[in-house]
């Protein structure tokens with residue numbers, strides 16, 4: 001399905017869509033000075049990398065900043081099969097003619113939007129390379145298939161996210177790419193702040209939110225025992241939403257917090273023991 005926005009048509013299957021700034025402020029609770037730093041990067045036309053674990057608030061932060069700066073937002077989820085054409089665009093056959101179709105990156109460049117590439121490390125290196133000219137003084141995007149060079153409109157900003165936990169010997173960002181970004185480090189919020197976020201986003205009582213965060217801290221301590229991914233703030237919010245809608249607390253923890261983390265029976269057993277200790 002095509003979606004026209006300000007004269008630009010985006011293909012839904014290309015993995016991104018141009019969204020106007022939200023009317024209502026997306027809730028985000030700053031941990032440090034990341035809001036001020038992002039504002040200065042936007043003002044100085046600097047690309048930004050958000051580095052931190054899954055579910056710690058990177059995407060919500062970008063949504064909040066798009067609202068604060070009043071910029072359209074294009075979000076692209078990166079994966080192994082994402083090609084340069086998926087980002088830039090391609091020729092399509094329509095009836096008796098061939099027409100050029102902008103990809104989400106090109107649409108963002110033309111519209112002066114914030115373009116957010118989530119989990120950039122998952123993208124192929126030959127795809128990442130097309131971003132380079134947008135991260136320096138040129139601020140241009142070359143479209144080889146048409147021969148055009150698109151100058152980024154005022155307000156355009158490139159933002160990528162990166163989870164260091166996904167680093168692998170054969171799958172990491174090249175230094176030549178990393179050094180093109182101002183990097184903001186993200187992590188799970190301090191316990192009190194995380195409890196406030198969970199309570200607000202899920203609708204549970206503050207005491208329940210604090211208990212869930214206490215459980216999360218215990219579970220995060222199992223990372224050295226083979227837990228590949230520790231429970232995120234996002235998982236705590238999902239657990240809280242089930243509790244707020246009447247699911248028994250332990251059952252909510254089992255299905256929304258424990259089960260998504262591991263299939264290993266030993267680890268699952270250990271995590272369920274921590275649930276029972278936290279909620280006797």
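Worth pointing out:
- Top-ranked residue in the stretch 162-186 [being at pLDDT below 95 and part of a strand (DSSP E or B); ranked as nearest to residue 68 (Cα to Cα)]: 162
- The test for being under 28 Å from residue 174 (Cβ atoms) and part of a strand (DSSP E or B) does not hold for residue 46.
- Criterion (under 30 Å from residue 101 (Cα atoms) and surrounded by fewer than 19 Cβ atoms within 10 Å (Cβ to Cβ)) met by exactly one of 178, 210, 200: 178
- Filtered by the rule that a residue be in contact with a helix residue (DSSP H, G or I) (Cβ under 8 Å, 6 or more places away or on another chain) and part of a loop (DSSP other than H, G, I, E, B), the stretch 248-280 gives 259, 260, 261, 262, 279.
- Any hit, the stretch 128-138, residues being touching a residue at least 60 places away in the same chain (Cβ under 8 Å) and either closer than 30 Å to residue 194 by Cα or within 16 Å of the chain's Cα centre (by Cα) (or both): no
- Index of the failed condition, residue 158 passing every other in (1) modelled with pLDDT of 90 or more; (2) more than 22 Å from residue 103 (Cβ to Cβ); (3) crowded, with 17+ Cβ neighbours inside 10 Å: (2)
- Some residue of the stretch 208-221 being closer than 20 Å to residue 61 by Cβ and at pLDDT below 95: no
- Search result, residues across the stretch 217-232 that are in a loop (DSSP other than H, G, I, E, B) and either over 16 Å from residue 265 (Cβ atoms) or outside the structural domain of residue 261 (by TED's automatic domain parsing) (or both): 221, 229, 230, 231, 232
- Condition met for residue 261 (within 22 Å of the chain's Cα centre (by Cα), surrounded by 13 or more Cβ atoms within 10 Å (Cβ to Cβ) and either within 30 Å of residue 44 (Cα to Cα) or free of Cβ contacts under 8 Å to residues at least 24 places away in the same chain (or both)): no
- Search result, residues across the stretch 187-216 that are outside any helix (DSSP H, G or I) and without any contact (Cβ under 8 Å) to a residue 24 or more places away in the chain: 205
- Residue match in the stretch 43-59 (condition: in contact with a helix residue (DSSP H, G or I) (Cβ under 8 Å, 6 or more places away or on another chain), more than 28 Å from residue 223 (Cβ to Cβ) and without any contact (Cβ under 8 Å) to a residue 60 or more places away in the chain): no
The values are calculated or read from the model by the stated rules, or taken from the named source; none is laboratory data. Since the model is a prediction, treat every value here as computed from it, not as a measurement. So basically every Cβ, Gly included, is an ideal-geometry build from the backbone, and we count neighbours across all protein chains shown.
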